[in-house]
Amino acid sequence: MTPIRTAASVCTVLGALLATIGLVDITSAQAQTAATTATPLAVGITAGGAAEAQVVEAVRNNDILTIKLRFKPLASKTESLYGAISKSDYENSFYVLAGNKKYLLLTDSNNQPLTNPRVIISASKDSPIAGTWYGRFPAPPKNITTVSLTIPNVETLDAIKITDR
């Protein structure tokens, strides 16, 4: 093979490889965009108005209900939802209401609630997400298909549809 043909072959292979890598990056970016634009299960505004809380997942798996939120920026500012979880906060400010029963966050072996220990939202109108939150609760009975979520400094998130796994 002549040096020119060898160089052309290498360029063709390299070009195909780069196009493939570029395609993977584009697909990954498209998947991330789709995840951040999926229709939320419920929405509410934070107390300071920095962001919209969006329930993106409510999954019942065996005896545990996991709820995940993302915060969509509404204004460019920083807002603290909570800085720590006191015993009073745990009992009164973090719960799921299912039917007429209140379910508190589950705790780990050190008696720490299974949620973010603190949430500070850093909102910028140029960013698709200002923060996230999750919580694990005892799962309500199978006949309960929707719940409401209460966490500090966010409007109550109602009619959250549960997905069973």
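For residue 125, a cut-off of 20 angstrom between C-alpha atoms picks up these aspartates and glutamates, skipping any fewer than 8 places away in its own chain: 52, 79. Computed on the Cα atoms alone, the convex hull of segment 40-164 gives a volume of 94 cubic angstrom per residue.
Straight Cα distances below 24 angstrom link residue 161 to the lysines 68, 72, 101, 102, 142, with same-chain residues fewer than 8 positions distant left out.
Only the coordinates and a few stated rules stand behind these numbers; no lab work does. The structure displayed is predicted, hence computed values, not measured ones.
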